[in-house]
Amino acid sequence: MKVGVLGGGQLAQMMAQAGAPLGMEFMFLCPEADACAAPFGQLLCANYDDEIAQQQLADWADVVTYEFENIPLATVESLERKILVLPTSAALAAGSDRLNEKHGFQALGVSTANFSAVDSAADLAEAVGHIGLPAILKTRTEGYDGKGQAVLRDTADLQGAWERVGARPCILESMVPFERELSIIAVRSRAGDIHFYPVSENHHREGILRLSLSRPGDPMQAPAEQAIRRIMEKLDYVGVLALELFQLGDQLLANEMAPRVHNTGHWTIEGAQTSQFENHVRAVCDMPLGDTSIVAPSAMVNLIGQLPKEEDIRAVPSAVPHFYGKAERPGRKVGHITLTREGSSPEEFSQGLRQLLLLAGETGLAEADLGI
Ligand code: AMP
């Protein structure tokens, strides 16, 4: 099978690494000449809206998928007229606008934080009247890793907030005093089979994911599965879908979904029988899905901005470094480390994780009670 991928970053790279042993070949359409996926397939270096490059990709590939949701919808729709694209443009559209996404969740009975549309600075004051403070103003499109967001704690923060997020259509969301941030990752085949991974518990700093812990047997597994199943079935979804959730007591609120493999599922490479990357390419290539059960409880530490020394990581038993081959730059995801608990006690696992968090510069998390 020949798989075309829109995007050439680490997610595309890990898809290609998972697909190669299954006999798959990859071509990446990506505007960056130094795309880190390039060594794992052919690189079509062009803008997404380049018609000639799109045609080349469609002529070469058996199926096309994508690694991130900020691909222009028009690109996916235009490719769809030439070749099968999975997940479909309808799935991409459902999650690409925060307002429509939240209405979609609610229509399926999936709860969310209170929200209100904001189309002007004047709307903002009115929305704060409905939603209250604290609240978060988010652009409806193109925000990720906390970009395009402004936290409003008191009325003074309203001053200039609309301009700060770029004076673009937004939603105002009430700030959820969550106990935990969770995500669930599931995969649906072309035949409609759905497999769920155990939920991940996620820790962010400055809007960027720093740590994910797999939580097999979590009490929130069943409601998380129910929510993502409804979304997948409604969209006739094919591939891996991630749903980010806030837990408040025994309630789960959906924050956002990502129609792609997800950073909170990187632990599945070593920690699950079949990784999210393998299952994604299996689904889009119409192959039977692999087992999503865990090998052992595991954790994933993101490496942001810079890489520690590889030998320091390898000194921690059961730690596996993944370096993406990207240039180091502040705030950039340049790698991750997985730690599995296979063959070690909970104490050894906890000790190893603290060492890794220190290597990643996450001193706060290294000292926190992570409940393991
Ligand atoms: P997002 O871009 O929507 O994924 O937001 C990035 C991060 O900001 C989330 O992972 C949360 O840590 C935080 N956040 C976003 N929305 C809310 C909210 N309504 N209440 C509390 N925290 C939030």
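The values are calculated or read from the model by the stated rules, or taken from the named source; none is laboratory data. Note that the structure is predicted; figures quoted are calculated from it, not measured. When we count neighbours, we look across all protein chains shown, and the Cβ atoms used for this are built from the backbone with ideal geometry, even at glycine. Ligands, DNA and RNA are excluded from the accessible area calculation, which covers all protein heavy atoms including side chains. Shrake-Rupley method; radii C 1.70, N 1.55, O 1.52, S 1.80 Å.
Table for the structure above
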| quantity | calculated |
| --- | --- |
| In nm, spacing of pseudo-spin labels at D154 and S344 (7 Å Cα→C-beta vector) | 4.5 |
| Solvent-accessible surface (1.4 angstrom probe) belonging to R329, in square angstrom, nearest 10 | 130 |
| Calculated FRET value between K82 and V295, using beta carbons and R₀ = 41 Å, to 0.05 | 0.55 |
| For A90, net neighbour charge (Lys/Arg +1, Asp/Glu -1) across residues whose Cβ lies under 12 Å away | -2 |
| Fraction of the pair-distance distribution of region 180-366 above 24 Å, Cα-Cα pairs, percent | 38 |
| Nitroxide proxy distance, nm - points 7 Å out along Cα→Cβ at D62 and D119 | 4.6 |
| Relative contact order %, region 114-174, counting alpha carbon pairs below 8 Å whose residues are six or more apart | 50 |
| Separation in nanometres of the label points that stand 7 Å from Cα toward Cβ, at R332 and M175 | 3.2 |
| 10 Å-binned pair-distance histogram of region 114-174 (Cα, whole percent) | 27, 64, 9 |
| Other-chain or far-sequence residues with amide H under 5 Å of R205's (modelled H) | R210 |
| Under 12 Å from the Cα of K82 - aspartates and glutamates, other chains or at least 8 residues apart | E51, D59, D62 |
| Fraction in percent of alpha-carbon pairs per bin - 10 Å, the chain | 5, 23, 33, 27, 11, 1 |
| Contour excess over end-to-end distance, with Cα ends at F323 and R230 and 0.36 nm allotted per residue | 29.9 nm |
| Taking region 2-85 and dividing mean pair separation by its residue count, relative contact order in percent (alpha carbons under 8 Å, at least six apart) | 34 |
| Protection-proxy order for peptides 314-326, 266-278, 3-15, each taking the mean of Cβ atoms within 10 Å per residue, highest first | 3-15, 266-278, 314-326 |
| Length added when fully stretched, A222-A33, from 0.36 nm per residue minus Cα-Cα | 63.7 nm |
| FRET efficiency, 1/(1 + (r/R0)^6) with R0 51 Å, evaluated for D312 and A74 via beta carbons | 0.65 |
| Hypothetical label at Q351: residues of region 297-331 whose amide nitrogen lies under 16 Å (7 Å Cα-Cβ projection) | 315-319 |
| Diffusion coefficient, µm² s⁻¹, Stokes-Einstein with Kirkwood Rh over alpha-carbon pairs of region 2-85 at 10 °C and 1.306 mPa s | 129 |
| Protection proxy ranking of 51-62, 119-130 - average other beta-carbon atoms within 10 Å, highest first | 51-62, 119-130 |
| Summed side-chain charge close to A38 - residues other than A38 whose Cβ falls under 14 Å, Lys, Arg +1, Asp, Glu -1 | -3 |
| Relative contact order computed over region 60-138 (Cα-Cα under 8 Å; 6+ residues apart), in percent | 19 |
| Assigned charges on the beta-carbon of Lys, Arg, Asp, Glu; region 1-118 dipole about Cα centre (debye) | 340 |
| Stretch gain in nm, segment R205-D286, where the contour uses 0.36 nm per residue and the Cα spacing is subtracted | 25.4 nm |
| List H204, H280, H103, ordered by accessible area with a 1.4 Å probe, largest first | H103, H204, H280 |
| Part-to-part distance (alpha-carbon centres) for region 194-240 and region 325-372, which is given in Å | 20 |
